[in-house]
Amino acid sequence: MMQGVVSHRREAIPPLVVASANGKRQLVDAVIDTGFNGFLCLPSAIIAALDLPWNASDIVTLGDGSETLFDLYAASVIWDGGYREIDIAESETEPLIGMALLYGYRLQIDAIEGGIVRIEALSS
């Protein structure tokens, strides 16, 4: 099980460690975004600091229905006690956790400032 908190801005934020193949790591406070179906969005500054390798580009549909091209980078995150290889979308926004990373997990949010955010694996 993983835990985070609800911020004063009413955002569910679990801490997440992002790692590159060259061993660089960074702790990121990422906001859960259930409208984002990818794994993780990070701004270019974090991608550059971790020296993440470019993997591909993909057209993504945004919440307003418009489409845009995102660069995707290869990385790992520490997720549920182990490393998980994911694609990271580059976007000049705050770090966002999407539904692809949450897939197969239960998300519980105590929706008050300082409330607990719990993420736990669903039993098969």
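The values are calculated or read from the model by the stated rules, or taken from the named source; none is laboratory data. Only a predicted model underlies this, so the values are computations on that prediction, with no experimental measurement involved. Glycine also receives a Cβ, built like all others from the backbone with ideal geometry; neighbour counts cover every protein chain displayed.
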(message) Arg84 - would you say it is charged (D, E, K, R), free of Cβ contacts under 8 Å to residues at least 24 places away in the same chain, touching a Leu at 6+ places or on another chain (Cβ under 6 Å) and under 15 Å from Met2 (Cβ atoms)?
(response) no
(request) Just give me the residues in the stretch 47-58 being touching a Ser or Thr at 6+ places or on another chain (Cβ under 7 Å) and either modelled with pLDDT under 95 or among the hydrophobic types (A, V, I, L, M, F, W, C) (or both), in sequence order. (result) Leu50, Leu52
(message) Looking at Ile112, Ile59 in this structure, which one is surrounded by fewer than 16 Cβ atoms within 10 Å (Cβ to Cβ), in contact (Cβ under 8 Å) with a residue 24 or more places away in the chain and touching a strand residue (DSSP E or B) at 6+ places or on another chain (Cβ under 8 Å)?
(response) Ile112
(message) Against the definition (among the acidic types (Asp, Glu) and either buried (at least 18 other Cβ atoms within 10 Å of the Cβ) or part of a strand (DSSP E or B) (or both)), how does Asp64 come out, yes or no?
(response) no
(request) Determine if the stretch 29-45 includes at least one residue that is touching a residue at least 60 places away in the same chain (Cβ under 8 Å), among the polar types (S, T, N, Q) and touching a helix residue (DSSP H, G or I) at 6+ places or on another chain (Cβ under 9 Å). (result) yes
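Can you work out which of the residues in the stretch 67-84 that are of a type in the set (Ser, Thr, Tyr) and buried (at least 16 other Cβ atoms within 10 Å of the Cβ) is farthest from Ile46 (Cα to Cα)? Explain how you work it out, then say what you get.
Taking the stretch 67-84 and keeping what is of a type in the set (Ser, Thr, Tyr), we get 68, 73, 76, 83.
Filter once more, keeping what is buried (at least 16 other Cβ atoms within 10 Å of the Cβ): 73, 76.
Numbers: Tyr73: 11, Ser76: 14 Å.
For the stretch 67-84, the residue satisfying everything is Ser76.
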(message) among the hydroxyl-bearing types (Ser, Thr, Tyr) and either in contact with an Asp or Glu (Cβ under 8 Å, 6 or more places away or on another chain) or at pLDDT 95 or above (or both): which single residue out of Ser44, Ser66 fits that description?
(response) Ser44
(request) Provide a single number: the residues in the stretch 1-19 that are part of a loop (DSSP other than H, G, I, E, B) and over 14 Å from Leu40 (Cβ atoms). (result) 6
(request) Scan the stretch 94-112 and give yes if some residue there is among the small types (Gly, Ala, Ser), within 16 Å of the chain's Cα centre (by Cα) and part of a loop (DSSP other than H, G, I, E, B), otherwise no. (result) yes
(request) Go through (1) assigned to a loop (DSSP other than H, G, I, E, B); (2) over 23 Å from Ala111 (Cα atoms); (3) of a type in the set (D, E, K, R) one by one and return the number of the condition Arg84 breaks. (result) (1)
(request) Sort out which residues of the stretch 20-61 are in a strand (DSSP E or B), farther than 21 Å from Ile119 by Cα and of a type in the set (A, V, I, L, M), and write them in order of number. (result) Ala56, Ile59, Val60
